[in-house]
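Student: The structure's right below; bear with me while I get my questions together.
Please treat every number below as a calculation from the coordinates, not as lab data. Note that the structure is a prediction, hence the values are computed from the model and not measured. In this analysis, Cβ positions are derived from the backbone assuming ideal geometry, glycine residues included, and neighbour counts consider all displayed protein chains.
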Amino acid sequence: MQHRPAWAPDEVDIERPSVARMYDWFLGGSHNFACDRALAEQAMRVFPDAPYVVRANRSFLGRAVTALCELGIDQFLDLGSGIPTVGNVHEVASAARAGVRTVYVDADPVAVAHASALLSGTPSVSVLHADLRDPEAVLRDAVRAGGLDLTRPVGVLLVSVLPFVPDSDDPAGIVASYRDGTVSGSYLAISHGTNDYKPKVVGEIEDVYARTTQPGVFRGAAEVGRMFAGYELLEPGLVDLIHWRPEPGAIESDPLGADVARYSLIGGVGRRV
Ligand SMILES: C[S@@+](CC[C@H](N)C(=O)[O-])C[C@H]1O[C@@H](n2cnc3c(N)ncnc32)[C@H](O)[C@@H]1O
């Protein structure tokens, strides 16, 4: 049986793999348990590129946050923010502009505990333990506890988290609720695993993730595109993630190169009309 580390909140089942902790392991982090590592290794047997893909996802997050700061956004709602790692939203944002407020939201107790411990001395940052599938409560707490001002534009980030919202929970409807809770001129960034390229492999990954606390699904570009209803997509639109405003030379130097099927990851950023 796995020894419970001091940083693991009591309510966490350390024998049940979690998406947040597997993702942490793929990124080289240390906030994961034996069960997370075992299932992540199993995922790598069907999807060996996973460590590169999660880095591509983090890279998109950074580029999107920087772009939004340059467009004047000074407050972010990061939904499904994960276990803190390199290039967290408030760090990227503070490099781009001063005075940015960030509210991190996650349902995973380890993600929240670690973020809270790490960020308690950072006044411009708040961490909420909440389920993003309840937009009304999340937006209310983001204002009351997080200090977001929803009378002004906000950057809403749904980066590699919507796969963990099943169709039965109406992900597009949830995204629309966040849209309706924010003012015109707000922005939405989404990244999402796609089943457009390798449906068979993706099905096998979904089978692996079915054993986590938050089973995940991949979706096609058409379906992800519909989640941007009420937003105007910024250039270059909803694209393979590596093609969303890449840093010069980044694609060429990535071990997966420009093989978009190996990433199977799409995303975009939209401006609320
Ligand atoms: C794959 S990680 C992505 C982390 C981060 N957004 C990134 O892109 O680097 C997905 C995160 O979403 C969180 N999550 C999944 N379902 C959630 C929900 N219903 N409400 C809040 N967080 C959720 C998980 O706990 C996990 O930390």
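Student: In segment 31-109, if every C-alpha pair distance is counted and binned at 10 Å from zero, what percent goes to each bin?
Tutor: Bin by bin from 0 Å, the calculated values are 17, 40, 28, 14, 1.
Student: Taking the Cα centre of segment 54-188 as the origin and placing charges on Cβ (Lys, Arg +1; Asp, Glu -1), which of L68, L139, V127 is farthest toward the positive end of the dipole?
Tutor: So the residue furthest toward the plus end is L68.
Student: Continuing with this model, one more query. Which one, L265, V161, A229, is farthest towards the positive end of the dipole of segment 161-273 when Lys and Arg carry +1 and Asp and Glu -1 on their Cβ?
Tutor: It is A229, whose Cα lies furthest towards the positive end.
Student: Ok, one more. Can you tell me which of S184, S253, S160 moves the most in a GNM of the chain? Springs connect C-alpha atoms under 10 Å apart.
Tutor: Comparing S184, S253, S160 in a Gaussian network model of the chain, the most mobile one is S253.
Student: Where does the longest stretch of the chain lie that holds no GluC sites (Glu not before Pro) found in a DSSP loop with 16 or fewer other Cβ atoms within 10 Å?
Tutor: 16-273
Student: Quick one: give the max-minus-min coordinate of the C-alpha atoms of segment 127-167 along each principal axis, largest first, in Å.
Tutor: 30, 19, 17
Student: I would also like to ask the following. How much space per residue, in cubic angstrom, does the convex hull of the C-alpha atoms of segment 22-164 take up?
Tutor: 105 Å³
Student: Follow-up. Quote the charge dipole size of segment 138-265 about the Cα centre in Debye, to the nearest 20; the model charges only the Cβ of Lys and Arg (+1) and of Asp and Glu (-1).
Tutor: 300 debye
Student: Send over the per residue convex hull volume for the chain, Cα only, as a whole number of Å³.
Tutor: Dividing the Cα hull volume of the chain by its residues yields 120 Å³.
Student: Of all the Cα-Cα pairs you can form in segment 149-273, what percent are over 20 Å apart?
Tutor: 47 percent
Student: Relative contact order for the chain: what is it in percent, counting Cα pairs under 8 Å that are at least 6 residues apart?
Tutor: This gives 19 percent for the chain.
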